[in-house]
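Asks: Structure in structure tokens, see below.
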Amino acid sequence: MIGIEQRAICDGVNFRSIRDMKFKTMRISAHLIVPMSRQTAAENALLPFLLSRASREYPDFTKLGQRLAELYGASLNADVQKLGDLQVLSLSASGIADRYALEGEAISGELAKLLCSILFDPPLVDGLFPEDGFEQEKRQTMELIDSEYSDKRTYARQRCEAIMCADEPYGVNRYGGKEDIARVERPALTAAWKRLLDTAKIELMVLGDCDPAPVYEGFRAAFETLGSRKTADCTTKVVRSAEKINTVTEKMDVAQGKLVMGFRTGTATPDEEVPATRLMAALFGGTPNSKLFLNVREKLSLCYYCSASYNSMKGIMLVQSGVEVKNMERAKEEILRQLDEVKQGNFDESEVEAAKMSLCNSYRTLSDSLGGLENWYLSQTFASHSQQPEEAAAQINAVTRQEIIDAANRVTLDTVYCLVGNGEDAQ
């Protein structure tokens, strides 16, 4: 049985506990959510990685590592994500549940203290983060950007999103630009850290087999030392329909062409039509039984892979495919033809049931891992009503055939991005 509690710590700081005794571990996370901006994305992105290196109490890797070892091999992690037009900077600590500690230690309380020390009391020297760690994290973050560039499937998706949302914060890379990372200086990081603590919308979570009370008290006491906060406006711009189609072809040294098509769905969180749009996207291209997989890939062999995904925060749907250049135009036409099939209701009940089964199964498996649960409840931050996965599955099962058709008819094509090999053109 999962027990869920939610309460505010102070202005803009929400505490949520998801307690499930089936886990032998627990996880404590702090998610700092700020508007995505080209001016601040790079310095913000560096911060969680830099903060996770040390604190004033544990000022280097060795001492921090020793403390984590004392806590039965606990771990610290940092991450940067996008949630709509927002940048999410995450710090998390994971460890064994209190009841498995040999001497009855309160592991949850100690991990909460450690996470607070990392977030609120970094080892500043003359008001600056240590130079060696700062330079190393800059280098590693640029390497992360390079790795995404090297993965052409990821690169093509990001380029389509950047072109499609060029005038929206969502078009900014979650790490900022590589050149922006290189230009960040240490004083800017200190200012960004203080600004985040004062203005970020903060989601604190404790998940798994854990008593949330000591964790809540630890964070409440830490935030009391900050004084009053003024939370930034964390909204996401939703473009309901495309006014024109942008077509961009880029050349690169690739063996396999990439075709990414970006659509505006006219529906985004917290709209009531989101479940129908999610199911429509699954039926169209989200499962091995979908129209894109069975027709574009299997029957016509126009691509190596072809799938659709729906981003409910932004209200956009992306179709990604790996295509030989000679087949690119045919693949694009067939993808649009399959969308028209859904718009016209040319699908049977077995296709609807397969899509529903796939989505509902994905909701059921969320509770198999703390990471899955954490991502789910983080995605619920801006929903009008925070749902459990079971509630979302029930909504999917309640979607009617006509609602799927209506959802498809709200979809408009915005951007077509083609990545082709050097010396080749999409015909």
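The values are calculated or read from the model by the stated rules, or taken from the named source; none is laboratory data. Because the structure is a prediction, the values reported are computed rather than measured. Every residue, glycine as well, gets a Cβ built from its backbone with ideal geometry; the counts of neighbours run over all protein chains shown. With ligands, DNA and RNA removed, areas are computed over all heavy atoms of the protein, side chains included. Shrake-Rupley method; radii C 1.70, N 1.55, O 1.52, S 1.80 Å.
Asks: Would you mind getting the accessible area per residue of region 242-290, heavy atoms of the protein chains only, 1.4 Å probe, in Å²? Provide the component values of the computation, followed by the final result.
Replies: Details: 2020 Å² over 49 residues.
The answer is 41 Å² per residue.
Asks: Provide Rg over Rh for region 1-80; use the alpha carbon set for both Rg and the Kirkwood Rh (inverse mean inverse pair distance).
Replies: Values: Rg = 16.0 Å, Rh = 15.5 Å.
A ratio of 1.03.
Asks: At a threshold of 8 angstrom on Cα-Cα distance, excluding pairs fewer than six apart, so keeping six or more, what relative contact order does the chain reach in percent?
Replies: On the way: 813 pairs, mean separation 88.6, N = 427.
Relative contact order, the chain: 21 percent.
Asks: May I ask you to order 214-224, 96-106 by the average number of other C-beta atoms within 10 Å around their residues, highest value first?
Replies: Details: 214-224: 18.0, 96-106: 13.2.
With the highest mean Cβ count within 10 Å placed first, the list reads 214-224, 96-106.
Asks: While we're looking at this one, here's another question. Using the Cα centre of the chain as the reference point, and only Cβ charges (+1 on K/R, -1 on D/E), how large is the resulting charge dipole? Debye, rounded to the nearest 20. Walk me through the numbers on the way to the answer.
Replies: Numbers: 50 positive and 62 negative charges, 83 e Å.
Roughly 400 debye for the chain.
Asks: A follow-up question, please. With a 10 Å radius around each residue's Cβ, average the other Cβ atoms per peptide and rank 306-319, 113-126, highest first. Let's see the in-between values first.
Replies: Details: 306-319: 22.9, 113-126: 18.5.
Highest-to-lowest ranking by the protection proxy: 306-319, 113-126.
Asks: Find the accessible area per residue for region 1-91; the probe is 1.4 Å, ligands and nucleic acids are left out, and the unit is Å². If you can, show how the numbers build up before the last one.
Replies: Working: 3810 Å² over 91 residues.
On a per-residue basis, region 1-91 sits at 42 Å².
Asks: Also, I was wondering about something else. Which of the peptides 52-65, 276-289 is most tightly packed, and how do the rest follow, judged by the mean count of other Cβ atoms within 10 Å per residue? Write down the numbers at each step before the final one.
Replies: Numbers: 52-65: 16.3, 276-289: 25.0.
Final packing ranking: 276-289, 52-65.
Asks: Taking a ≥ b ≥ c as the square roots of the Cα gyration tensor eigenvalues, with a/c under 1.5 meaning rounded and otherwise prolate when a/b beats b/c, else oblate, which class fits region 92-151?
Replies: Values: a/c = 4.28, a/b = 1.62, b/c = 2.64.
Taking the square roots of the gyration eigenvalues as a ≥ b ≥ c, region 92-151 is oblate.
Asks: Quick one: Debye curve from the alpha-carbon atoms of region 46-183 only, equal weights, vacuum; give me log10 I(q)/I(0) at q = 0.10, 0.13, 0.20 Å⁻¹ to two decimals.
Replies: Results for region 46-183 at q = 0.10, 0.13, 0.20 Å⁻¹ read -0.44, -0.69, -1.15.
Asks: Given a 1.4 Å probe and every protein chain left where it sits, what share in percent of the accessible area of the chain is carbon and sulfur?
Replies: Working: 8940 of 18610 Å².
Of the solvent-accessible surface of the chain, carbon and sulfur hold 48 percent.
Asks: In whole Å, how far is the Cα centre of region 244-290 from that of region 345-390?
Replies: Cα centroid of region 244-290 versus Cα centroid of region 345-390: 18 Å apart.
Asks: Please say if region 235-350 is rounded, prolate or oblate, where rounded means a/c under 1.5 for a ≥ b ≥ c the square roots of the C-alpha gyration tensor eigenvalues, and otherwise the choice is prolate for a/b larger than b/c and oblate otherwise?
Replies: Working: a/c = 2.10, a/b = 1.27, b/c = 1.65.
Note, shape of region 235-350 comes out oblate.
Asks: In percent, what relative contact order does region 1-160 have, based on Cα pairs under 8 Å that are 6 or more apart in sequence?
Replies: So the answer I get is 23 percent.
Asks: Can you work out the Karplus-derived ³J(HN,Hα) for every residue in region 348-365? Use 6.51 cos²θ - 1.76 cosθ + 1.60 with θ = phi - 60°, whole Hz, and x for glycine or proline.
Replies: Per residue, the Karplus-derived 3J(HN,Hα) values read 9, 5, 5, 5, 5, 5, 5, 5, 4, 4, 5, 5, 5, 5, 5, 5, 5, 7 Hz.
Asks: For region 317-367, state what percent of all Cα-Cα pairs lands in each successive 5 Å bin, counting from 0 Å until the bin that includes the largest distance.
Replies: Histogramming region 317-367 at 5 Å steps yields 4, 16, 16, 18, 19, 14, 9, 4, 0 percent.
Asks: Here's a follow-up. Using only Cα atoms, locate the centre of region 91-150 and the centre of region 12-84, then give the distance between them in Å, rounded to an integer.
Replies: Measuring centre to centre over Cα atoms gives 5 Å.
Asks: Could you tell me whether region 286-414 comes out rounded, prolate or oblate from its Cα gyration tensor? Rule is a ≥ b ≥ c as square roots of the eigenvalues, rounded for a/c under 1.5, then prolate if a/b exceeds b/c, otherwise oblate.
Replies: It comes out prolate by the Cα gyration axes.
Asks: Suppose only helical runs count, i.e. DSSP H with n ≥ 4. What mean residue ellipticity at 222 nm does that imply for the chain under -39500 (n - 2.57) per run, divided by all residues and rounded to the nearest 500 deg cm²/dmol?
Replies: On the way: 14 runs with 175 residues, N = 427.
The helix-only estimate for the chain comes to -13000 deg cm²/dmol at 222 nm.
Asks: Using +1 at the Cβ of each Lys and Arg and -1 at the Cβ of each Asp and Glu in the chain, identify which of 415, 23, 389 lies farthest towards the dipole's positive end.
Replies: Ranked along the dipole, the leading option is 415.
Asks: Round to the nearest 10 and report in Å² the accessible area of residue 185, as given by a 1.4 Å probe over the protein chains' heavy atoms.
Replies: 120 Å²
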